1. Of all residues in region 137-168, which are among the β-branched types (Val, Ile, Thr) and at pLDDT 95 or above?
2. Restrict the check to region 144-152 and report whether at least one residue is closer than 21 Å to Tyr29 by Cβ, touching a Gly at 6+ places or on another chain (Cβ under 8 Å) and surrounded by 23 or more Cβ atoms within 10 Å (Cβ to Cβ).
3. Within region 275-284, is there a residue that is at pLDDT 95 or above, assigned to a helix (DSSP H, G or I) and within 28 Å of Lys150 (Cβ to Cβ)?
4. Considering only region 185-238, how many residues are within 29 Å of Ile170 (Cβ to Cβ), at pLDDT below 95 and acidic (Asp, Glu)?
5. So which residues in region 97-143 are farther than 24 Å from Asn298 by Cα and loosely packed, with under 14 Cβ neighbours inside 10 Å?
6. Quick check on this structure: which one of His113, His72 is in contact with a strand residue (DSSP E or B) (Cβ under 8 Å, 6 or more places away or on another chain) and farther than 24 Å from Leu261 by Cβ?
7. Does Thr181 count as touching an Asp or Glu at 6+ places or on another chain (Cβ under 8 Å), surrounded by 18 or more Cβ atoms within 10 Å (Cβ to Cβ) and modelled with pLDDT under 95?
8. I'm told Thr128 meets every condition in (1) modelled with pLDDT of 95 or more; (2) within 21 Å of Leu261 (Cα to Cα) except one. Can you identify the failing condition by its number?
Amino acid sequence: MTFKIHPHLFLSDGFFSKPVLEHCGKNKYYDEKPAHAHNFRKRIVGGQTSLYGEWPWLVTMQLSKNGSKHGHLCGGTLIHPQWVLTAAHCFESVWASFLTDDPAAWIARVGEHNMFKDQGTHVDVPATAIYLHPDRNPPKTFNLDIALVKLAWPVKLNNMVNVVCLPREIDMFKPGTVCVTAGWGHTIESGNVSSIVRHVRVPIIDNAVCNVLYSKIADQVKLHIGDDMMCAGYKTGGKDACQYDSGGPMVCYDDEDHQWLLSGIVSTGYGCARPGFPGIYTRVSRFIPWIQEVISVN
């Protein structure tokens, strides 16, 4: 397995201000679904280069440990001006010895577009706390791959920085729904990190179908796609998230409210964009109570 290193909000009254609720899940380019607003350029594996500020909730989680800067390791999603949602495996040393859940080692960068060119729009904010799901049990299982990162201060929202909308617990995102995942990860399985944000559109695949597809490698890894997970991609391969996209968002467009909802967190998969092996994501709607509890208490 390869880790890929709406106004329907539920949180307590006063947690989100009215302006945040009204503007979550929107960017500066469209009030309608992007496919209606402009043609996607043949622009992550099989994806396309994103527009400047197209995914303003996208965060790059960067590690600086023992005097060594590892730079971008994982993606993340801004769900509140002071909270980032990402994947738990980004912080687990069981996968790589340099990984750590010590918040002092991590920086969240918001407003980034081109990592190799300072465009004056990004802001670096230290992490002050990292919360992994308490029931996670790596490396025996791959599920519950979710973590919350509290930032040292709330970031200012603008055209380049915005929060995504969270789904309701009942939002399951039906198979066939075409959603978008974005990040700075490899553009081919054995390639290099992309300097500029890229995104790819992928259809959600039914969990039962996904389990059948992954049963082909049961002799290599025991993996069950449970209710807290979801799959997206093409049976023919060619389009997928990849290494260093881990923790980043998969968002689906709400045609009724004209906002993007966070459906999934990039988690794992068998390689990148291989035929017969769609990407595996953490299903965010299953964790709404946990997110609410962690943020409310902390």
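1. Matches in region 137-168: Ile146, Val149, Val155, Val161, Val163, Val164.
2. no
3. Yes, region 275-284 contains at least one residue that is at pLDDT 95 or above, assigned to a helix (DSSP H, G or I) and within 28 Å of Lys150 (Cβ to Cβ).
4. So the answer is 0.
5. Once the filter is applied, which keeps residues that are farther than 24 Å from Asn298 by Cα and loosely packed, with under 14 Cβ neighbours inside 10 Å, region 97-143 yields Ser97, Phe98, Phe116, Lys117, Asp118, Gln119, Gly120, Pro139, Lys140.
6. None of the others qualify; the one that does is His72.
7. yes
8. (2)
The values are calculated or read from the model by the stated rules, or taken from the named source; none is laboratory data. These numbers were taken from a predicted model, which means no experiment stands behind them. With ideal geometry, Cβ positions are generated from the backbone for all residues, glycine too; neighbour counts draw on all protein chains shown.
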